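Trainee: Just passing along the structure, written as structure tokens.
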Ligand SMILES: Cc1cc2nc3c(=O)[nH]c(=O)nc-3n(C[C@H](O)[C@H](O)[C@H](O)COP(=O)(O)OP(=O)(O)OC[C@H]3O[C@@H](n4cnc5c(N)ncnc54)[C@H](O)[C@@H]3O)c2cc1C
């Protein structure tokens, strides 16, 4: 199939992007890396009247160090984050998760902002952002709003973005001293969207868990933090927390059945990932 007819305008500055978005009466959409939107146009799942290309706006690209952690421009590509030494040093989870996103060709063009705004429940970045308590910076001609990642992802392919708003940057808190970041997922083939995945950040006090942050993907309509389970693990050993995961995660995760996996199978993957990543994090903490 071919895409339906649409107008296309290239925005070179933020002002131009907002002007173009608000200046049309029909359905205007921004396009960033085009790695999801172009496929959805070709499948005729989207039919915007106007595409505003924001992909060349320099102000919304790049990774900078902030007092709190990292500020990542929404137009920064998956590959730029994957290969950034600053990102790896300040928030190791990003370097750990990036290689799981699609294939190198897609990572070279797709952006963290595009992935966040698409809000695919099986995407890697949203799970990392929820686990780490990131903040999404949304701009429009009316001003700026800062929305916590947990509130930004509202449902399958649904976010807190209002019409006319653009996600311009994401602020991610830095890794705490002694905190270990690990990521893993189960996919049918390398590069496919995962059936289930987990972003995990933990600190240890000897053999016991001192802090735990989780971000599950593919286990609900949005990335899920399973905060009650994570809080209950404080003071436990890795083995105790792994054993508790079996019943506790079923209370908080919302896996769905599709042609790849049943809901029960996904839940089982979540338990295995939790045990596996807790052990991996504890080993890394010991050798750090
Ligand atoms: C074969 C294949 C496999 C893939 N596998 C994975 C995978 O394993 N994991 C994964 O996470 N992703 C995967 N993807 C998706 C890929 O990561 C995309 O790059 C990403 O989801 C969208 O980013 P983009 O910059 O290309 O956005 P686009 O395709 O340009 O846009 C996507 C949507 O977001 C909106 N949008 C984009 N940027 C903004 C912004 N700054 N503000 C407001 N709205 C915005 C657009 O209007 C559009 O609705 C895969 C894609 C393909 C084609």
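Trainee: Might you let me know whether the range 157-166 holds any residue that is within 9 Å of the ligand (Cβ to nearest atom) and either modelled with pLDDT under 95 or buried (at least 23 other Cβ atoms within 10 Å of the Cβ) (or both)?
Mentor: Restricting attention to the range 157-166, the residues satisfying the condition of being within 9 Å of the ligand (Cβ to nearest atom) are 157, 159, 161, 165-166.
Cutting the leftovers down to either modelled with pLDDT under 95 or buried (at least 23 other Cβ atoms within 10 Å of the Cβ) (or both) gives us 166.
Yes - at least one qualifying residue is present in the range 157-166.
Trainee: Restricting to the range 143-174, and then to whatever is in contact (Cβ under 8 Å) with a residue 12 or more places away in the chain, over 21 Å from residue 122 (Cα atoms) and in a loop (DSSP other than H, G, I, E, B), can you tell me which residue is farthest from the chain's Cα centre (by Cα)?
Mentor: Ranking the candidates gives 164 first.
Trainee: Against the definition (in contact with a strand residue (DSSP E or B) (Cβ under 8 Å, 6 or more places away or on another chain) and surrounded by 19 or more Cβ atoms within 10 Å (Cβ to Cβ)), how does residue 109 come out, yes or no?
Mentor: No: the conditions fail for residue 109.
Trainee: I need the full set of residues from the range 23-54 which are assigned to a loop (DSSP other than H, G, I, E, B) and surrounded by fewer than 16 Cβ atoms within 10 Å (Cβ to Cβ), in order please.
Mentor: Correct list: 23, 24, 25, 26, 27, 43, 44, 45, 47, 49.
Trainee: Out of 249, 269, 224, 217, which single residue is touching a residue at least 24 places away in the same chain (Cβ under 8 Å), over 22 Å from residue 92 (Cα atoms) and touching a helix residue (DSSP H, G or I) at 6+ places or on another chain (Cβ under 8 Å)?
Mentor: Going through 249, 269, 224, 217 in turn, the sole match is 249.
Trainee: Could you look through the range 56-77, keep only residues that are within 16 Å of the ligand (Cβ to nearest atom), surrounded by 12 or more Cβ atoms within 10 Å (Cβ to Cβ) and free of Cβ contacts under 8 Å to residues at least 40 places away in the same chain, and pick out the one that is nearest to residue 91 (Cα to Cα)?
Mentor: Filtering first and then ranking leaves 63.
Trainee: Would you check which residues across the range 192-211 are within 16 Å of the chain's Cα centre (by Cα) and either surrounded by fewer than 16 Cβ atoms within 10 Å (Cβ to Cβ) or near the ligand (Cβ under 10 Å from one of its atoms) (or both) and list them?
Mentor: Of everything in the range 192-211, those that are within 16 Å of the chain's Cα centre (by Cα) and either surrounded by fewer than 16 Cβ atoms within 10 Å (Cβ to Cβ) or near the ligand (Cβ under 10 Å from one of its atoms) (or both) turn out to be 192, 193, 194, 197.
Trainee: Sticking with this structure for a sec: Can you name the residue in the range 242-277 that is assigned to a helix (DSSP H, G or I) and touching a strand residue (DSSP E or B) at 6+ places or on another chain (Cβ under 7 Å) and, of all such residues, is surrounded by the fewest Cβ atoms within 10 Å (Cβ to Cβ)?
Mentor: Residue satisfying both the conditions and the ranking: 276.
Trainee: Show me the helices (runs of 4 or more DSSP H) entirely contained within the range 81-123 in which 2 or more residues are more than 14 Å from the ligand (Cβ to nearest atom), assigned by TED's automatic domain parsing to the domain that holds residue 148 and more than 14 Å from the chain's Cα centre (by Cα).
Mentor: 85-90
Trainee: Evaluate the following for residue 286: is it modelled with pLDDT under 95, in a helix (DSSP H, G or I) and closer than 19 Å to residue 181 by Cα?
Mentor: On the way: modelled with pLDDT under 95: yes; in a helix (DSSP H, G or I): yes; closer than 19 Å to residue 181 by Cα: yes.
Yes, satisfied.
Trainee: So residue 240 ticks every box in (1) within 18 Å of residue 213 (Cα to Cα); (2) under 24 Å from the mean Cα position of the chain (by Cα) but one. Which box is left unticked?
Mentor: Residue 240 satisfies all of (1) within 18 Å of residue 213 (Cα to Cα); (2) under 24 Å from the mean Cα position of the chain (by Cα) except (2).
Trainee: Now for a separate question. If you check 276, 208, which single one turns out to be under 26 Å from residue 188 (Cβ atoms) and not assigned by TED's automatic domain parsing to the domain that holds residue 121?
Mentor: On inspection, the qualifying residue turns out to be 276.
The values are calculated or read from the model by the stated rules, or taken from the named source; none is laboratory data. All values reported here derive from a predicted model rather than from experimental measurement. A quick note on method: Cβ atoms are made from the backbone with ideal geometry, for glycine too, and the neighbour counts reach across all protein chains shown.
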